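Right, one structure below, let's go through it.
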Amino acid sequence: VQLQASGGGLVQAGGSLRLSCKASARTSSSYTMGWFRQAPGKEREFVAAISWSGGSTSYADSVKGRFTISKESAKNTVYLQMNSLKPEDTAVYYCAAARTTVKLLQEGLADYWGQGTLVTVSS
C-alpha cells in the first residue's frame, strides 16, 4: 500500500487547511488510518486516527475540538480537517495505515507511512 499525502501549505494562525491521504489500494475494509506530525527538533507525535469502519476515532488532546479526521472509502482517501490553526501546529504531517486497532496505531504501530506534507502556521 502506498500513501500519498497532500494539502499542506502556509496559513495564518486561526486559519484552516484540509489534508488528504490517498491510498494506492483498497484500505477501507481492513486498515485503520491515521495522521502523525513531526515538528522541527521534536519527535513524531500522534494526531488522529479512524477505524476501518469509520465508527471509531481518536485525537491527541492538543487537537481535540479543532481537527476532524474522516474517510471516503470509495476514493480510498482519508482527510484531516484542521481548523483554528496555531503556530504550534507547524510540522510535517504524515498519514499512516495499519492492520490493527485505533489504539495501537495511536502508539505508532503502523504498517505503511506516507511521505509527509508540510504545514506552516504563521503568527
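The values are calculated or read from the model by the stated rules, or taken from the named source; none is laboratory data. Here the structure is a predicted model, which means the values were calculated and not measured. No Cβ is skipped: glycine too gets one built from the backbone with ideal geometry, and neighbour counts run over all protein chains shown. With ligands, DNA and RNA removed, areas are computed over all heavy atoms of the protein, side chains included. Shrake-Rupley method; radii C 1.70, N 1.55, O 1.52, S 1.80 Å.
Is it true that K103 is assigned to a helix (DSSP H, G or I) and over 12 Å from the mean Cα position of the chain (by Cα)?
Taking the combined requirement at face value, the residue satisfies it.
Could you check segment 64-76 and list, in sequence order, the residues that are touching a Lys or Arg at 6+ places or on another chain (Cβ under 9 Å) and surrounded by 13 or more Cβ atoms within 10 Å (Cβ to Cβ)?
R66, S73, N76
Per-residue answers, yes or no, for (1) open to solvent by less than 30 Å² (accessible area, probe 1.4 Å); (2) free of Cβ contacts under 8 Å to residues at least 12 places away in the same chain; (3) of a type outside the set (G, A, S):
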{"residue": "Q2", "(1), (2), (3)": "no, no, yes"}
{"residue": "G8", "(1), (2), (3)": "no, no, no"}
{"residue": "G14", "(1), (2), (3)": "no, no, no"}
{"residue": "R18", "(1), (2), (3)": "no, no, yes"}
{"residue": "A23", "(1), (2), (3)": "yes, no, no"}
{"residue": "S30", "(1), (2), (3)": "no, no, no"}
{"residue": "M33", "(1), (2), (3)": "yes, no, yes"}
{"residue": "S58", "(1), (2), (3)": "yes, no, no"}
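Can you say whether S30 is more than 21 Å from L17 (Cα to Cα) and either at pLDDT 95 or above or hydroxyl-bearing (S, T, Y) (or both), as far as the supplied structure shows? Steps first, please.
On the way: more than 21 Å from L17 (Cα to Cα): yes; either at pLDDT 95 or above or hydroxyl-bearing (S, T, Y) (or both): yes.
Yes; evaluated as a whole, the condition is true for this residue.
I need the full set of residues from segment 77-93 which are part of a strand (DSSP E or B) and either of a type outside the set (S, T, Y) or crowded, with 22+ Cβ neighbours inside 10 Å (or both), in order please.
V78, L80, Q81, M82, A91, V92, Y93, listed by residue number.
Examine segment 13-20 for a residue that is at pLDDT below 95, under 13 Å from the mean Cα position of the chain (by Cα) and closer than 15 Å to T77 by Cα, and state whether such a residue exists.
No.
Sort out which residues of segment 98-111 are open to solvent by 70 Å² or more (accessible area, probe 1.4 Å), touching a Ser or Thr at 6+ places or on another chain (Cβ under 9 Å) and of a type outside the set (V, I, T), and write them in order of number.
Hits for segment 98-111 are R99, K103, Q106, L109, D111.
What pairs come out if I take residues in segment 41-54 that are surrounded by fewer than 19 Cβ atoms within 10 Å (Cβ to Cβ) and pair them with residues that are among the charged types (D, E, K, R) whose C-beta lies under 9 Å away, six or more apart or interchain?
R44/R37; E45/R37; G54/K71
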